[in-house]
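Here the structure comes first, spelled out in structure tokens, and everything after it is commentary.
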Amino acid sequence: MPHDVFPRSEYESRVERTKERLHERDLDAIVVADPANMNYLAGYDGWSFYVHQAVVVAREYPEPVWVGRDMDRNGARATTWLAEENMRAYSDDHVHSPYDLHPMDFVADVLEDLEVDGGRIGLEMDASYFTAKSYTRLQSQLPKAEFVDADLLVNWLRIKKSDREIEYMEEAARISEEAMLAGLNAIEAGVPEYEAAAAIYDRLIRGTDEYGGDYPAIVPLMPSGDHTGTPHLTWTDREFEEGDPVLIELSGCRHRYHSPLARTTFVGDPPDAIQETADVVVEGIEAALDVVEPGVTCERVEREWRETIAQYGVEKEDRIGYSMGLGYPPDWGEHTASIRPGDETVMEEGMTFHMIPGLWEDEFGVELSETFRVTSTGAETLADFPRRLFTA
């Protein structure tokens, strides 16, 4: 079954740009273990990243080579654009093996077959699913190779999106809007947190009337009550109570492309401190979005936020955004550009960011966010959702 999420020409262009980067860094090949990068180059899409897998790109070999578990070869046939001979599968005795076998032994065989076993080979040394043992097994199997840290080589290629990628992110934004509305409507005193999470998940998967959704790279985050000063908590059995602030951060997902959205609601009448903090966050995010345009650096955008909130005696040390788009668990971020002091990445048309300048204090937190793309005239937010503090 052919892969139809993107035309073959778009994948070929991505591979060609990857090979150009390999040439610039004098690398003969790269072993790509990040599932998002595997998808980006080969189209592979399956929940198989709990075992070792990779896509190998060699400078002198025409196509990428997918390497995975034998039972996942049909998944590669279903989702990639690769020729049959470029889908290489290892036997199941390599999985969690008691026989001193490891999937990277098989990857080493593939590298030898591609005639790069004595060359300079890039590895994604900080990728979530590339383990320390993966590295040592490759070293032991290919003693003549020189392994080089090529982490983020493909990630930086992903930072500028094609029109088709933007289209999927816009579709994800429609799902985000539906899911956020469902979550806000579900929250009220006496309702367990998991009921609100279920309402959100229902919309994330059901999507819109035109298309369905996919599982997001990050689960809905929903700290409430005394815990809103901590941004990355999920839901519990606890029931919402009068006087609870509730943070909701979620993302619709379409063909693995995301459009995160965060909002804050309050169960009952919000105290002045929370309302005023929300107003500061809204003013700051709008000021930061207003200075986005091609040629502006990430740190310049952050500075606008920082100077705006400083008028109210408010400070925030954390970054306020990051590049994102295509993603698998545990993250939808691209791990490249961040909107923070010192990041001199120049924004270009087609880049996409999640701007999330939340303020998390000891007593409470307030979180609002927008996913935006850089256009020729400035920032264009993908979601159309009221930018304010909500009440339940």
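The values are calculated or read from the model by the stated rules, or taken from the named source; none is laboratory data. Since the structure is predicted, the reported quantities are computational estimates derived from the model, not experimental observations. Every residue, glycine among them, receives a Cβ derived from its backbone with ideal geometry; neighbour counts consider all protein chains shown. SASA here: full protein model, heavy atoms, side chains in, ligands and nucleic acids out. Shrake-Rupley method; radii C 1.70, N 1.55, O 1.52, S 1.80 Å.
Rg over Rh for the stretch 76-178 works out to 1.07, using Cα positions for both radii and the Kirkwood form for Rh.
How big is the charge dipole of the chain about its Cα centre, in debye rounded to the nearest 20, if each Lys and Arg gets +1 on its Cβ and each Asp and Glu gets -1 on its Cβ? Around 1020 debye, computed over the chain. Placing unit charges on each Cβ (+1 for Lys and Arg, -1 for Asp and Glu) gives the chain a dipole about its Cα centre, and among 81, 336, 182 the Cα reaching farthest toward its positive end belongs to 81.
In summary, the convex hull built on the alpha carbon positions of the stretch 182-257 has an orientation-averaged projected area of 5.0 nm². Sorted largest first, the spans of the alpha carbon positions of the stretch 8-158 along the three principal axes are 41, 35, 26 Å. Here the stretch 257-392 exposes an accessible surface that is 39 percent carbon and sulfur, computed with a 1.4 Å probe and the other protein chains kept in place. Roughly how tilted is helix 193-206, in degrees to the nearest 10 and between 0 and 90, from the longest Cα axis of the chain? In the chain, helix 193-206 runs at an angle near 50 degrees to the longest axis. Look at where the Cα atoms of the stretch 224-287 and of the stretch 149-217 average out, and the two centres are 16 Å apart. Whole-percent P(r), the stretch 271-348, all Cα pairs, 5 Å bins from 0: 3, 16, 22, 21, 17, 12, 7, 2, 0. Accessible surface area normalised per residue over the stretch 134-203 is 42 Å², counting heavy atoms of protein chains with a 1.4 Å rolling probe. Dimensions of the chain based on its C-alpha atoms, expressed as ranges along the principal axes with the largest first, amount to 67, 44, 39 Å.
Taking every protein chain into account, the accessible area of the stretch 9-95 amounts to 38 square angstrom per residue (probe 1.4 Å). Relative to the longest principal axis of the C-alpha atoms of the chain, give the angle of the C-alpha long axis of helix 8-24, reported between 0 and 90° and rounded to the nearest 10°. With rounding to tens, the tilt is 80 degrees.
In the chain, the DSSP-assigned H stretches of four residues or longer account for a calculated mean residue ellipticity at 222 nm of -10500 deg cm²/dmol, using -39500 (n - 2.57) per stretch and the full residue count as denominator. Normalise the Debye intensity by I(0) for the stretch 160-391, one equal point scatterer per Cα, no solvent, then take log10 at q = 0.08, 0.09, 0.13, 0.18 Å⁻¹ and round to two decimals. Log10 I(q)/I(0), no solvent term: -0.27, -0.34, -0.72, -1.35. With respect to the chain, whose longest principal axis is taken over its alpha-carbon atoms, helix 298-310 is tilted by about 20°.
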